[in-house]
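The structure appears right after this line, and notes come after that.
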Amino acid sequence: MSDPANPVSQEGPDRTMNHLDEITCLMYAERQLDRERAQAVSAHAQDCAACRTLLRALERESRLLTRAMLEEDEPLPARLAQFQRHTGQSFQWIWGLIFGLAATGVYALYTEFIGPWMGRLEQAGLGGTSLLSLLIVQGAFWKGWQSVITLFEVLAMLIVVGFAVVIFRRRISRRGSALALVLATLCAALALPAPAGATEFRHQDRVTIAQDEVIHSDLYAATGRLRIEGTVEGDVVVGAGEIEIAGHVLGDLISSSGTLRVSGQVDGNIRSYAGNMTIKGKVGHNVMIFGGDLNIDRDAVIGGSVSSFGGHLTLDGQVQRDLLGMGGAVTLSGTLGGSATIRTGELNITSDAVVKGPIDFHGDNPPDVASGAKLASPVHFEKIKHEENYRNGRYYVWRIIWAAAYILFGLALFKLMPDFSLECVGMAERYGPSLGLGILAGAGVFVGGIIACVTVVGLFIGVCTLFLWWASLYYAQIIAAALVGQGLLGRTRENWPLIGRMALGMVLIRLAFALPYVGGWIKFAVIIWGIGAIALALYRRLQTKIPAIQAGAAQPVPVTAGPAL
Amino acid sequence: MEPLRPGPMNVPGMTETTEAIARARAGDAEAWGELYRNHAPAIFRFCRRALPTREDAEDATMEIFMKLREKLSQYDETRSFSAWLYRVAANHCWDILRRRKIRQDKETEDVETMPLEHPDPNQLDKLIEQRTSEEVREALHKLGPRARMALVLRYYSDMSYDEIADELGVRRAFVGVVLLRARHELRQALEGKSALAAGGTP
């Protein structure tokens, strides 16, 4: 190729003189040469007929090209004319409505659920006033089960974070970095460790703290069996099959175990995820158990309150403050210094029982109260209604609020991850593999997360896994909703139309969930299906990375999203 | 000799409608409809020239307008709206072509290394004389994606060499070569010769 900087260079067919090369002529015709070179070309063209002809031909070619390009040869296709009407419609009022509903929903959630729950938690000794302080200041996540984040709070938080990112995306400029920012913030929030001083780590099959042994710090242990006969001056954080505290723990006991027996003394709180827990000794503050049965023996003294979520609760000993029982049956035979709040299950109060505060019981059957029981006031009983109250207007308001919250959540996700969402919806069309993989992933990830949690070393990873698994339960419904919407309105590759279809689908599947008897099963199937689609899309993403590099250049790749402007 | 300035000085339907833009930005659906009505035909033609099939062009036009609606707030009002519009469209179409990997690595090599035959000015003049716009459009689709894109950007969108360099991701000094090469391919196609040398796909 000739150098355009040297206009008079190439020897043309006319050998009497050097002719201009074609690129120089083109650049001259396009006014891309600087003044000096343009003058040289102009001067040469005046003397050289061949170059003049070439210049003229190139200019004519340019005009022909321009004419060919600009000619209005085809009318706007009908499809595009229709599209005009679609784009002309404003959906802003719909989003306004959804936002309004969401705001109302958040307020209602707070006053109806979060506020009272926070009150309960405070009563149970978790003095956190806000989720933030629970999460960050107290390092609650790290401390295992100290915080109970309700489904509502996390959903609300995700929506807020998602929207903040969508709104500030322009400032952050890249979608990827926005997502990374969210994840990094989450990880940072989760990773903030409790301000622990010196800590002791034990990681053997069987750990025994002997009677004369004193640990002057916190004790972290992951073991098959833990027995503390000596003294731990800090907290005990433990994951074990079997735990026995016969000695003295001056701090808190946070545990995840098959069985937990406390015959010694724990000066702080006990927070436990256990199959079975028996307390025979003394607990200075509060006791909270998730999952299994709790027996508070005749000799036991609990300085604070007791909260039990899940199994049976038997109180023979002494609890100086309140009692909260949710889930299983409750038997009161001992002394309760404060009030009792019991939801679902059964309530038996024997003749030995002494309850100094009010008893509030929501259950299927009236409580069984022995005549000799010393109660400050009669049991306040309210029967639980199992069937949804279809005649109540509030029921429908709540349905609408929930659907709106889901749509917002979906909107945030579809905006944050447009390509991945589209792939997930595509994968969901493969019903068989989606459902199969959904069962596997849905159960497998949960079990994996639990296992990671139980081994204390993997607690952070475990909590993250469970968090992702839990978020995917919601994402799964959104994916399924988008597919349902697509089924009705036709396929689309665009983000906003897909969100519109998702919104429609969400309304429909939430209606289906509300059906009596079959609703629950539909929900289960939808979640499994969606999780399978997400897993498939993830799998394909990981799989295609390598073949994509190896594949030939000619292989077309479907367009999934536009370029960054 | 005073050369004639090639290329369109304006594009039909590309009247600057500042007011409509401002209203569309504020969320006025009617103003948006007006912008669409004014600009969609030109953008569709742009896509029709740049992309291989009619369906592609229709899809791309819709996608471009979806994108425009999102990005309208980023538009700098001190600059030409149609120029901005074409930049969005060009980005989108070029991205589609790139993603499909139609552009072959070989093509770059060819452009950079293969010498171009100097045309016989009289023969070229004759060829141009004989060909109609329609034939040119047909021939355009026999060109390789980059050659076609370069011609469309230059002669449809009236983009400067700098802008073309930016869009295609080549050095500014290389744009003239790309355009010249594209013209040679086009001439070959018009003469009924194979344009395979440039890896063109219909």
Inspect the range A:350-360 for any residue being in a strand (DSSP E or B), out of contact with any helix residue (DSSP H, G or I) (no Cβ under 9 Å at 6 or more places or on another chain) and small (G, A, S) and give the result as yes or no. no
When you look at A:D267, is it buried (at least 21 other Cβ atoms within 10 Å of the Cβ) and charged (D, E, K, R), yes or no? no
Identify, please: which residue in the range A:33-62 is within 7 Å of chain B (Cβ to nearest Cβ) and surrounded by 21 or more Cβ atoms within 10 Å (Cβ to Cβ) and is, among those, nearest to the chain's Cα centre (by Cα)? A:S62
Take the range B:167-202 and flag every residue that is modelled with pLDDT of 85 or more and assigned to a loop (DSSP other than H, G, I, E, B). B:G169, B:V170, B:R171
Give the number of residues within the range B:17-34 that are surrounded by 15 or more Cβ atoms within 10 Å (Cβ to Cβ), more than 9 Å from chain A (Cβ to nearest Cβ) and either touching a Cys at 6+ places or on another chain (Cβ under 9 Å) or aliphatic (A, V, I, L, M) (or both). 4
Every listed condition ((1) outside any loop (DSSP other than H, G, I, E, B); (2) more than 7 Å from every other protein chain (Cβ to nearest Cβ); (3) under 17 Å from B:A42 (Cα atoms); (4) touching a Lys or Arg at 6+ places or on another chain (Cβ under 9 Å)) holds for B:R137 save (2)
Quick check: is even one residue across the range A:281-291 part of a loop (DSSP other than H, G, I, E, B), basic (K, R), over 26 Å from A:I450 (Cβ atoms) and in the same structural domain as A:S333 (by TED's automatic domain parsing)? no
Taking the range B:66-83 and keeping residues surrounded by fewer than 23 Cβ atoms within 10 Å (Cβ to Cβ) and within 22 Å of A:W496 (Cα to Cα) leaves B:M66, B:K67, B:R69, B:E70, B:K71, B:L72, B:S73, B:Q74, B:Y75
Of the conditions (1) modelled with pLDDT under 85; (2) in contact with a helix residue (DSSP H, G or I) (Cβ under 8 Å, 6 or more places away or on another chain); (3) facing chain A (nearest Cβ under 8 Å), B:E107 fails just one. Which one is it? (3)
B:I64 is checked against (1) touching a His at 6+ places or on another chain (Cβ under 8 Å); (2) β-branched (V, I, T); (3) more than 20 Å from B:D166 (Cα to Cα) and fails just one. What number does that condition carry? (3)
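The values are calculated or read from the model by the stated rules, or taken from the named source; none is laboratory data. This is a predicted model, so every value here is computed, not measured. With ideal geometry, Cβ positions are generated from the backbone for all residues, glycine too; neighbour counts draw on all protein chains shown.
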